[in-house]
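FYI, it's all coordinate maths here, none of it is from the lab. Predicted, not measured: the structure shown is a model, and the values here were computed from it. All Cβ positions, even for glycine, are placed from backbone atoms using ideal geometry, and neighbour counts span all protein chains on display.
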Amino acid sequence: MVLALLSLRRGKPSSLHLGTLRLWRNLTGESEGARIRRHIPLARVLLIGALVAGALALAGPRQKDPPTQTTWHVVLDTRPAMFMEHTTSDGKPSGQGTRLAVGLSALERLLQQQDERPDLRWSRRVSGVTRLDRVPGERVPDAFVVSGPPGHERSSWLALDEPHTLWVSDSMPPGSHPEHAGYVLSGGGPVPGPVASVGDRLLSVRGGEWVEETGSPTRSVLLSDGLPALLESFVGVWAKERGLGVSVSDPGDDTLALRIVAAQAGEATARVGHFGRDGWQASALMVLVGEESAAAPRARHWLSADVGGASWPLVSWRPGWVRVAFGDPFEDRSGDPGAFAVSWGDLLDSALLPAPNVRPQSEREAAGPAITRAPRSASFNPVAAPGAWPLVRWLSAIAGVLLFASALTLKGNLNA
């Protein structure tokens, strides 16, 4: 800018002695604009352009950084184990409430440590499945602080390993080593209490020792209408061996150990078919049904049949519930009653709900130390952003070309 102004500055007029008045008259015929016209040499214009391009290159222009993400997606673990009392390393109550309460308190401390408190979106882990509710709020919704149904195995959370995501649990989920997600682990010591039940008897762990105690009233297995007679007979034997009653009416949630239901469908979806597993084969009238509502906890398919090249579920289950999609006439064609009994016994044992307050020994064991780590933000590299560093190189190249052209032009003028 200074060089351009100096180039446009008018120089001091040169003294000229005129011998005649005629020359003055000739000069007065020229316009005023002709006498004061200013001219910048081409070499200097090129030099000015080179200096401007070089200054812009040194300034290092780049694209504006995106706004910082300030929203955290908090995923709560709502297993029944999270609602057990938080204990010290020797199994005594810590006085801080449940493991979930301790985790939420640690989360609040982590939020207070941030330069700017992030907005929160809340989801919960129920029955081994994450419900992506993403409910906004400064505090956890009351509806989320409710224990999920028992009996579901713990699974990996790696599908939730994303920036700005925070896990709240008592210990690290199995097989999960997050790279991006943060976590708040309440930790805690062992929690004494019942770990198994048989009939009205409970097996508990207290002070590191096994103790047999009197439990709750005898629980029942509910059988719905439409089940095969052979299967009903087997369930009666299986339930008696485990100290359970059999009922055809709902005994209530407190004493209900397992619900076995028959799928209902019209004649258009029923056909006789052959199926089997674990060494037994059978034929029956199959009821072809679709998947359950997405609102229900995820069910596992235990037995399927091939119908028209497609696999149709005949037996599905989840803790506390078994659905059978075939009925009479049902016939075991394997010739080995033992194979049928062992196979179905394993299924019903897996689906059987524990008695109230009974937790697997793995959940009553110590959860380890309390650990907190903030989630990572989405990475952004301005050097690799489109239009950032290439612009600097282009400006540098333009400055060099203009400077070289200016030197050539000036040399040409001097030679002339």
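Under 11 Å from the Cβ of residue 157, count the other residues' Cβ atoms, weight Lys and Arg +1, Asp and Glu -1, and hand me the total.
Numbers: positive: 125, 154; negative: 77, 161, 162.
Value of the local net charge: -1.
Per 0.36 nm of contour for each residue apart, how much would the distance between residue 264 and residue 133 grow if the chain were fully extended, relative to their Cα-Cα spacing? Mind dumping the intermediate values first?
Working: separation 131, 0.36 × 131 = 47.16 nm, distance 3.18 nm.
Length gained between residue 264 and residue 133: 44.0 nm.
Dipole size in debye (nearest 20) for region 113-228 around its Cα centre, Lys and Arg Cβ +1, Asp and Glu Cβ -1?
That gives region 113-228 a dipole magnitude of about 200 debye.
Under 5 Å between amide hydrogens, which residues at least 5 positions from residue 201 or on another chain qualify, with H placed 1.01 Å from N in the peptide plane?
Long-range HN contacts for residue 201: 215.
With θ set to phi - 60°, apply the Karplus curve 6.51 cos²θ - 1.76 cosθ + 1.60 along region 127-134 and write out the HN-Hα couplings as whole Hz, x wherever there is a Gly or Pro.
My calculation for region 127-134 gives 6, x, 10, 8, 8, 7, 5, 6 Hz in order.
For residue 165, which sequence-distant residues (separation of 5 or more, or a different chain) have an amide H within less than 5 Å of its own amide H, given hydrogens modelled in the peptide plane?
Here 73, 182, 376 satisfy the definition.
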